[in-house]
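Enquirer: Please read through the structure below; I'll follow up with questions.
The values are calculated or read from the model by the stated rules, or taken from the named source; none is laboratory data. If you're wondering where the values come from, they're calculated on a predicted model, not measured in any experiment. All Cβ positions, even for glycine, are placed from backbone atoms using ideal geometry, and neighbour counts span all protein chains on display. The protein model used for the area step is the full one, side chains on, heavy atoms only, and it has no ligands, DNA or RNA in it. Shrake-Rupley method; radii C 1.70, N 1.55, O 1.52, S 1.80 Å.
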Amino acid sequence: MKILVTGGLGFIGSHTVVELQKEGFEVVIIDNLSNSSEDVLKGIVAITGKMPIFENLDLREKKSVQEFFKKHNDVNGVIHFAASKAVGESVENPLLYYENNLGALVYILQELEKKPEANFIFSSSCTVYGQAEKMPITENAPVQQPMSPYGNTKKIGEEIIIDVAKVTKINAILLRYFNPIGSHPSAEIGELPLGIPQNLVPFITQTGLGLRNVLSVFGDDYPTPDGTCIRDYIHVVDLAKAHVIALQRLLNKKNLDKVETFNLGTGTGSSVLEVIRSFEKVSGKKLPYKIVPRREGDITEAYANTDKANNVLGWKAQSTLDEAMAGAWKWEQKIRG
Ligand code: WQD
């Protein structure tokens, strides 16, 4: 049985392909290389010694999706990462996000509904909670109207899956990520942000390497202990392992409901200044930063209640912030050092 990983040459996708191969799964990747590179395949093979099947196609083309599922008719497990994910860009170009993140999802589900059984893991995000009332955030926290079209595509994507699972043989698990960071310990794969990094950790490591002059800290006037925003930074390998466990749960028919939801975080919140200190500790370098006004759309605080993932999924994040930061720094030095 083959597992399809869409966006499998991306940051979280490639780390998940590695963990799937380590568990003995045969993997086929769909990626349109819009935010990744075919070189990532070399990194995957360097780690596992196994070359996944790679199909370079765009999931927005319905015919291509139909032809793919005809050719690979033994796929009955799908982990769907492929999506545009830049919050700011989604505000500027909402239709790109609705077409890419939702159109592609519909085409894949249309193929899966034809199968006698299908297992679907959806890459969702804690962004669907907006600014949750209560910390740590449980899966029962209300889903709010996200601040960006990107976040809205995650919310609507979940709703589409729930509606479809009700009337088809598709079983699904929605994985709501907190903030993925770091890279594989081998430094053969990692995060490859194109252009100026939007996210904190790659901006820090590029600043550490001198590629950026200074890190702008978006506000220190939040109602938090040190005034900067708090997030739950989770090692990408921990996150990847959770996907394999979730898929095995569906394949072994252990799921209690047609659609289950899990928050994937460490359960610990870290402020921006604490992340900076973590970088300085693991790199031994002083990081140049300046405080600037808040970024539009940022929430103050988000970190996960991990009880459900720990107790029901049987998964727990293993790596600390420092370990994840050390991996991110090692990767940055390797690719741009
Ligand atoms: C983290 C903190 C910033 C950059 C988003 C999406 C989420 C997921 C991850 C895709 C915030 C601060 C950042 C900088 C800064 N997306 N920051 N200077 O916004 O929590 O989450 O990215 O997978 O769905 O919502 O992550 O890394 O952008 O920001 O001060 O140069 O770092 O204000 O407090 P975010 P982030």
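Enquirer: Exactly one condition in (1) touching a helix residue (DSSP H, G or I) at 6+ places or on another chain (Cβ under 7 Å); (2) part of a strand (DSSP E or B) is not met by ASN76; state its number.
Expert: So ASN76 meets the others, but not (1).
Enquirer: Moving on to the next point. Given VAL128, VAL143, which one is in contact with a Lys or Arg (Cβ under 8 Å, 6 or more places away or on another chain) and part of a loop (DSSP other than H, G, I, E, B)?
Expert: Step by step, each of VAL128, VAL143 is checked, and only VAL143 is in contact with a Lys or Arg (Cβ under 8 Å, 6 or more places away or on another chain) and part of a loop (DSSP other than H, G, I, E, B).
Enquirer: While we're here: Give the number of residues within region 213-251 that are within 11 Å of the ligand (Cβ to nearest atom), closer than 22 Å to GLN318 by Cβ and among the charged types (D, E, K, R).
Expert: Summing the residues that are within 11 Å of the ligand (Cβ to nearest atom), closer than 22 Å to GLN318 by Cβ and among the charged types (D, E, K, R) in region 213-251 gives 2.
Enquirer: Let me ask something additional. Any chance you could count how many residues in region 62-92 are open to solvent by 70 Å² or more (accessible area, probe 1.4 Å) and under 23 Å from SER148 (Cβ atoms)?
Expert: 5
Enquirer: Would you mention how many residues in region 264-297 are touching a residue at least 24 places away in the same chain (Cβ under 8 Å) and either polar (S, T, N, Q) or under 25 Å from ASP238 (Cα atoms) (or both)?
Expert: The number of residues fulfilling the criteria is 18.
Enquirer: Answer yes if at least one residue in region 192-201 is in contact with a strand residue (DSSP E or B) (Cβ under 7 Å, 6 or more places away or on another chain), at pLDDT 95 or above and under 26 Å from ALA242 (Cα atoms), and no otherwise.
Expert: Yes, region 192-201 has at least one match.
Enquirer: Please find, among SER319, SER278, the residue that is at pLDDT 95 or above and either under 26 Å from GLY219 (Cβ atoms) or surrounded by fewer than 16 Cβ atoms within 10 Å (Cβ to Cβ) (or both).
Expert: From the options SER319, SER278, the qualifying one is SER278.
Enquirer: Could you identify the single residue in THR268, THR261 that is open to solvent by 40 Å² or more (accessible area, probe 1.4 Å), in contact with a helix residue (DSSP H, G or I) (Cβ under 9 Å, 6 or more places away or on another chain), of a type outside the set (Lys, Arg) and within 16 Å of the ligand (Cβ to nearest atom)?
Expert: THR268
Enquirer: Among the residues of region 164-212 satisfying the criterion of being β-branched (Val, Ile, Thr), outside any loop (DSSP other than H, G, I, E, B) and within 14 Å of the ligand (Cβ to nearest atom), which is farthest from LEU105 (Cα to Cα)?
Expert: Checking each candidate, the answer is THR207.
Enquirer: May I ask you to list pairs of residues, at least six apart or on different chains, whose Cβ atoms are under 6 Å apart, with the first in region 163-187 being in contact (Cβ under 8 Å) with a residue 40 or more places away in the chain and surrounded by 20 or more Cβ atoms within 10 Å (Cβ to Cβ) and the second being part of a helix (DSSP H, G or I) and among the charged types (D, E, K, R)?
Expert: Hits for this filter: LEU174/GLU158.
Enquirer: Shifting gears a bit: Quick one: is THR153 in contact with a Phe, Trp or Tyr (Cβ under 6 Å, 6 or more places away or on another chain) and buried (at least 22 other Cβ atoms within 10 Å of the Cβ)?
Expert: Here the answer is yes, as THR153 does meet what is asked.
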